[in-house]
1. Grab the beta carbon distance between E528 and R323, set R0 = 25 Å, and tell me the FRET efficiency rounded to 0.05.
2. For the stretch 102-200, what class follows from the C-alpha gyration tensor (a ≥ b ≥ c being the square roots of its eigenvalues): rounded when a/c is under 1.5, otherwise prolate if a/b is larger than b/c, else oblate?
3. Run the quick spin-label model on I49 and L421: label points 7 Å from Cα toward the beta carbon, then report their separation in nm to one decimal.
4. For a quick check: with amide H placed at 1.01 Å from N, whose amide H comes under 5 Å from M300's, ignoring anything fewer than 5 positions away on the same chain?
5. Which entries in the list K295/K327; K369/K574; K295/K369; K55/K82 go over 19 Å, if you measure between the two C-alpha atoms of each?
6. Let me make sure I get this right: for the stretch 49-136, a, b and c are the square roots of the gyration tensor eigenvalues over alpha carbons, sorted descending. Under 1.5 in a/c it's rounded, otherwise prolate if a/b > b/c, else oblate. Which is it?
7. What FRET efficiency do you get for L28 and D169 if R0 is 22 Å and r is their Cβ-Cβ distance, rounded to the nearest 0.05?
Amino acid sequence: MLGLRQKITLGFSGLLIITLVIGVQGILNITRLGGSVDVILRENYRSVIACQRMKEALERIDSGLLFTLIGEADRGAALIRKNEAAFEEALRVELDTITLPGEGEKASRLRGLFSRYRAEIGTVENSAGPIVSRREAYFSTLFPLFDEIKGTADDILRMNQQNMSDANDRARRTAAQARKHMYILLLAGTAAAAAFIIFSRKWVMRPIRRLIRSTEEIRRGNLDFVVSSQSWDEIGQLSESFNIMAASLREFRRTDQAKLLRIQRATQQAFDSLPDAVAIVDAERRIEVATEAAKIIFFMKPGAVLSELPFSWMTELFDQAVRTGRKAVLEGGNVIQQFIRGEEKYFRPEALPIFDNDHLTNGAIMMLKDVTLLRQHDEIKKGVIRTVSHQLKTPLTSIRMAIHLLLEERVGTLTEKQAELLVAAREESERLHEILNNLLDISRLEAGRAHLELQKASPSSIVLGALDPHRRTAQDRGISLRTDIAVDLPDVLVDRTRIDHVFGNLLSNAFKHTPPGGRVTISVSAAEAEVQFRVSDTGEGIPAPFLPRLFEPFFRIPGRENETGAGLGLAIAKEIVEAQGGSIAVESREGEGSTFTFTLRRADRFSKEVDPS
């Protein structure tokens, strides 16, 4: 009995033979057609083009003669010389491509006629001769030669065109014959292929379909299914192996089912013990496993679909994590507020993608961390800062006044050492006063109680006004101060006093960290709904790990202990910009410099706001 390999080899061998025959026949037919087309192009096409060019050149020579007869001698002579060369070039091509009987005699006659024509041109072209004799020479000699030359060129043209037509007819007959042969071979190939398909259904397809049905049964969990086999070829052997595999799976199922059930229960118990709301979601957004907190607070029960829950942000986070393959959080790191048994709770949602063995996302872990205590601690910290700042301001004012009076020696003369100590105390008290003012500003901005006087202003006036107090500082430090302001910028809504504070902080930092010979640049450009301001420097830059924390209050970059600031300037700048509806960001490369970018809203996109508090 033939095996599956022999059956398939037999069928494909017949198809291979027919394919080879069709291919060889096609190549021969294409070769014959190519020869016919080559005759048309190689033997006649160049002659046709040459005759057409000779006729065109001859007509332009005739036009040049007419120019000379009407008094345009220079123009006519130029036209005659140019086209004489063109005619001779085309005639040379024709003499080199003579292929038809009688074509050589006509080409030689054409050469002789043109030689006589050129000899007579001088008579008409000679402007010193009488015009009457020149016209007589043109009409009696040159014009008849013109017609005779043109007629001879037309004869050569027609000869080649007729030969091209005959070659085309031959090519058509060859193509018709080749088409007939191809039809016969295609019919034979179709019949052979149909026969192979009929037999392959019996030899191959039916046993394979039985195997497919068997795999479907096993996929549905029916491991007791037995594959029937009626042949001893490779498919029969595969069917027998399939039955052995099913028997092995039945044995594994009996031993592994209990173990899998134990693991599943342990996993669910571990999930239920987690304090945060956590759920595993598959690629179809269906929840597979969830903690008790997720079930109770966010209704994330196993089997539920994310899009059916009353939280649209949850679906958006899931889609973002699956699409990007990275952790997804709400814009700006926002939190979600939920009331649980009348108690206010805050959660920070995240979506972590789940990858398969091929590193493709096939789901996500939804995590909703309870940040209520962190938020309460933050509020307590802010309250303490506000209270302490207010409580310290009054005694600090008294201390500053006392130091001022002592330095003015209104209560007695000071020694040099006493004056030196009091000056140092005055500097430190002023620094402490500035820190307290900054803390109070942050508190008012965060609480929304800061009074902002938003008004229309041009970006160029904002930049130039903010730069004036710092030009002398830049000059003293040997730093180049440049501006790059786009033209036709729209007005922005801004509190001029507070935005000067933002520029002052950014410029002071840039001067502090840019060495002499460096450059600080302020550039401005417009976007769809905002105007972007950028302060760039060529200084030491900021290490990448510290960039996310740069706008936090009291944060100072480690290793720069020589700085005297309290780490509040950038935090205040951030609060001021965001209070005016903008945003602020930083880009930096260590050793190359930093760029701080903040935005302000365009006045033509938003109505004027008087006091957003």
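Only the coordinates and a few stated rules stand behind these numbers; no lab work does. Please read all numbers here as calculations on a predicted model, not as lab measurements. Positions of Cβ are backbone-derived with ideal geometry, glycine not excepted, and every protein chain shown enters the neighbour counts.
1. On the way: r = 24 Å, r/R0 = 0.97.
For R0 = 25 Å, the calculated efficiency reads 0.55.
2. Details: a/c = 7.50, a/b = 5.60, b/c = 1.34.
Prolate is the answer for the stretch 102-200, as a/c is 1.5 or above and a/b outweighs b/c.
3. Going from the I49 label point to the L421 one covers 10.7 nm.
4. Long-range HN contacts for M300: K295.
5. Details: K295/K327 22 Å; K369/K574 26 Å; K295/K369 14 Å; K55/K82 14 Å.
Cα-Cα > 19 Å for K295/K327; K369/K574; rest within.
6. Working: a/c = 3.41, a/b = 2.15, b/c = 1.58.
Note, shape of the stretch 49-136 comes out prolate.
7. Numbers: r = 20 Å, r/R0 = 0.91.
For R0 = 22 Å, the calculated efficiency reads 0.65.
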